[in-house]
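The values are calculated or read from the model by the stated rules, or taken from the named source; none is laboratory data. All figures in this text were calculated on a predicted structure; none of them were measured in a lab. Cβ placement follows ideal geometry from the backbone for every residue including glycine, while neighbour counts extend to all protein chains displayed. Note: accessible area is taken over every heavy atom of the protein model, side chains too, but ligands, DNA and RNA are not part of it. Shrake-Rupley method; radii C 1.70, N 1.55, O 1.52, S 1.80 Å.
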Amino acid sequence: MAKSANLEHPQTPAQLEEFYRQMVFIRRFEEKCNLAYRQGKAGGYLHVYIGMEATAIGWNAALKPGWDYVITAYRDHAQPLLMGADPVKVMAEIMGRQGGYSHGKGGSMHIYDIEHNFYGGWGIVGGHVAMGAGLAFAAKYREEDRVAVCYLGDGASNAGVFFETLNMASLWDLPVIFVIENNEFAMGTRLEYHASDTHLYKRGEPFGIKSERVDGMDLFTTLEDAKRIVDWVRTNQRPYLVEVMNYRFAGHGAADNDRQLYRTKEEEDENMKRDPLARLRKYLVDKKICSDEKLEAVEEEISDQVEKIYEAADASPFPDPHEVYDHVYSDMAPEAGH
Ligand SMILES: Cc1ncc(C[n+]2csc(CCOP(=O)(O)OP(=O)(O)O)c2C)c(N)n1
Ligand SMILES: [Mg+2]
């Protein structure tokens, strides 16, 4: 990959602009989701990823598209959008419409796109972690060199199933990467109140799993860390645990309207200075990769795109009440490759 003369990082200007586009897209998309929720156009639960975007973008860039597996909890819009999911189907699901990935019956927490190897979208805290190891087990069993990235929250890292999964993943040499997104809160409970040891990466150590803590709000370090770790896991066929330090800017979910009940405004403002979007924008302008005007045009283009996505999703009908028992179980036989 050619290194540009004025850049400190190995990405080309075109790649950097693409990362910026991805980040603006996720941010605008989720701002629109939040608005739709407030207008009564989306119901149930809705948890946005605003502030944490650099993590998903950096890790997605390290994976082989259409080959590696990804699974996460309910803060699940960014990953499928990055992996190639149809944004109209994501938005339609969030709005409870027939055209959504779960036919409008799952909502925001249940985005699922097998075609692009995104395995959900799960609402039971910690519950999907064993499935993440299961995806890696399937790859290993079929002698494919896929890796599985399993995101989980700091709160989820206290779940018993996580420790059982660490044991099995190590015992069976599974190519799974547990990415603990430590955004410092589990709903309104601060990390110090829920974790006996707040160095969550240490939880891999008793199981002989290579483990480390990294910054999740700097896109450039995330790109490097993710590539290094994904390559290591693919080559060595061993699990890895990485604790990613990030921060959610919004409330826990759309119904969380009073963040100041559990964190101060000063603390939020301090963390807002780590905003990955603002940092990437500043880098692009400072290094003269893109002008301010160019980025404004990109932002406007993406806002229009999101508006059209919303309109297309809004045109999709609600599911027929008679379909309530359809799609509860899948009769799809697992095929090689999925
Ligand atoms: C088994 C279970 N217990 C409790 C809940 C309620 N709950 C939903 S989200 C959440 C906090 C999880 O926090 P964390 O894992 O840090 O993820 P984050 O929301 O920060 O992304 C809890 C307790 C749940 N969904 N499932
Ligand atoms: Mg958390």
- Task: Please work out if Val90 is outside any loop (DSSP other than H, G, I, E, B) and hydrophobic (A, V, I, L, M, F, W, C).
- Result: yes
- Of the residues Ala85, Ala73, which single one is in contact with a Leu (Cβ under 7 Å, 6 or more places away or on another chain), in a loop (DSSP other than H, G, I, E, B) and either of a type outside the set (Ser, Thr, Tyr) or under 29 Å from Ala138 (Cβ atoms) (or both)? Ala73
- Can you name the condition, by its number, that Gly126 falls short on among (1) closer than 23 Å to Val306 by Cβ; (2) open to solvent by less than 10 Å² (accessible area, probe 1.4 Å)? (1)
- Task: Test Val230 against the criterion of being among the β-branched types (Val, Ile, Thr), within 12 Å of ligand 1 (Cβ to nearest atom) and either under 19 Å from Val161 (Cα atoms) or crowded, with 18+ Cβ neighbours inside 10 Å (or both), and give yes or no.
- Result: no
- Within region 23-73, track down each residue that is small (Gly, Ala, Ser) and modelled with pLDDT of 95 or more. Ala36, Gly40, Ala42, Gly51, Ala54, Ala56, Gly58, Ala61, Ala62, Gly66, Ala73
- Task: Quick one: which residue in Glu266, Glu293, Glu301, Glu270 is of a type outside the set (A, V, I, L, M, F, W, C), assigned to a helix (DSSP H, G or I) and within 30 Å of Gly107 (Cβ to Cβ)?
- Result: Glu301
- Task: Name the single residue, out of those in region 225-252 being of a type outside the set (Val, Ile, Thr), out of contact with any helix residue (DSSP H, G or I) (no Cβ under 6 Å at 6 or more places or on another chain) and in a helix (DSSP H, G or I), that is nearest to ligand 2 (Cβ to nearest atom).
- Result: Asp225
- Which one of the conditions (1) closer than 24 Å to Ile180 by Cα; (2) open to solvent by 50 Å² or more (accessible area, probe 1.4 Å); (3) under 23 Å from the mean Cα position of the chain (by Cα) does Asn236 fail to meet, given that it meets all the rest? (3)
